[in-house]
Structures are given as C-alpha cells and as structure tokens.
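Structure record follows, encoded as structure tokens.
The values are calculated or read from the model by the stated rules, or taken from the named source; none is laboratory data. What you are looking at is a predicted structure, and each value in this text was computed from that prediction instead of being measured. Neighbour counts are summed over all protein chains in view; Cβ atoms, including those assigned to glycine, are modelled from backbone coordinates with ideal geometry. Just the protein is used for accessible areas: all its heavy atoms, side chains included, with ligands, DNA and RNA removed. Shrake-Rupley method; radii C 1.70, N 1.55, O 1.52, S 1.80 Å.
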Amino acid sequence: MPLSCQQLLQKYPDLWRDATVHPFLTQCQTGEIQPHQFNTWLVQDYLFVTEFTRLAGALVTWAPIDHFDVLLGGMTALKDELNWFREKATERQLTLDVPHQPTCQIYCAFMVNMATAPYAVMATAFWAIELAYNQGWQLPGKMPEPYTEFADRWGNPGFTEYVKLLEAQADAMLQSASEEVLEQAEQAFIKVAQLERDFWQMAFAAD
Ligand code: HMH
C-alpha cells in the first residue's frame, strides 16, 4: 500500500504520463490546435472548475486547522481563476451556459463523490488534480500566444509550490491512514489520472 503521493506517481508511471502528456497540449505548443478544440476545453474546464471549487469547500470542512492556510490560499486563487475563465470566454465570444459533455459530467460526479470520502482520500485526489495541470501545462515547454497565459496559470512557479504544499498535507494524512483508506486513496489517484487523460481527449476530439 502506498504511504505517500510520490509512491503513487512511481507505481503508475504510464497512467500518469497519459494524464499529463497529450496531443491537445503538444498541439497548443506547435499552434496546430484548432479554435473549436481549444474553446471546447475552455468552456468545459470552466464547468469543471466550478465543481472543483465545491470540492475545495469540502476539504476546508474536514481539514485540520493547520491545513487551512494552504486550502484558503487555493480558494482565493480559484475565485480569481473563475473570473479569468469568464473573461477568456467573453474575449472568445463563448457562452459558458452549455451542457456538460459526458466526460466532464463523469469527472464532476467523481468530485461530488470525493467530497464525502475520508479527508485523506479527498486530499490525495485534490493534490493529484492540481499536479496534473501543473505538470501537463509545463511539459510542452514555452507556449506561444495565445496560449502563454493558459500555460502560465497552472505552470507558474508559485503554483508548483502550492502543489508541493498540497502534497505535504496529503502525505501527512496518508501516514496515519488505515489500510482501507490507503486503498481508497490509491483508487482515487488512479481515477484522477484516467479522468485527466479523458478530459484532454474530449477536447481534442471535439467536432
Ligand atoms: C480537468 N484538471 C482539469 N481542469 C483543471 N482546471 C485542473 C485539473 C486544475 O485545477
């Protein structure tokens, strides 16, 4: 049973690679991505982040008080991020009032489910979700316009630091977790990796 976030990454390298390396991202870097693919990602990711914000709220509900600083800092960033998504949508003349695509719906349902999981499990899932974007947007290298600000949002050094703090908090909980909770945390990690891959694929395959 894994006792740390790093052990999860080491145990499932292929799953994690597929969560963070995708033609959607490499084609943002080369400029080959088409506007309808990018816009599909943008609108669906806004919907994703609204549900992710509710998961952040659930974390605050169950976290020990010494985890508040990191989590509340994350929520402040989410407030800014949601407003930024609305600006980006307006610039691109996109409506955010659209149905969830099936993949986005499944990911949102997973997060609703996580919100009632043991805190160690939700903290592990929350870390994995943020790390996926932190690494995913960094790996292709410098993104050209108009994608630079998207890559910077999740790839910037401050965000990398935040993800490390989330990892330390998840690790602290995993250290004293029961075998059953460790198993749940491992399953949640696997699920996040698969859902991340599916989310890129959903946008990439948009028609
Ligand atoms: C699908 N995963 C997805 N969207 C995001 N915005 C993040 C992770 C990071 O918050």
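Worth a mention:
- Scanning region 46-70 for residues that are part of a helix (DSSP H, G or I) and in contact (Cβ under 8 Å) with a residue 60 or more places away in the chain yields a total of 12.
- Looking across ALA63, ALA77, one residue alone is open to solvent by less than 30 Å² (accessible area, probe 1.4 Å), out of contact with any His (no Cβ under 9 Å at 6 or more places or on another chain) and over 21 Å from ALA205 (Cα atoms). It is ALA63.
- Selection over region 127-140 of residues that are open to solvent by less than 20 Å² (accessible area, probe 1.4 Å) and more than 14 Å from the ligand (Cβ to nearest atom) gives a count of 0.
- For region 157-207, the set of residues classified as open to solvent by 30 Å² or more (accessible area, probe 1.4 Å), assigned to a loop (DSSP other than H, G, I, E, B) and within 19 Å of LEU42 (Cα to Cα) consists of ALA205, ASP207, listed by residue number.
- Scope region 93-126; condition farther than 27 Å from ASN39 by Cβ, among the polar types (S, T, N, Q) and surrounded by 14 or more Cβ atoms within 10 Å (Cβ to Cβ); matching residues: ASN113, THR124
- Here is the figure for region 141-156: residues that are open to solvent by less than 50 Å² (accessible area, probe 1.4 Å) and under 17 Å from the mean Cα position of the chain (by Cα) total 4.
- Breaking point among (1) under 21 Å from TYR107 (Cα atoms); (2) open to solvent by less than 10 Å² (accessible area, probe 1.4 Å), for LEU47: (2)
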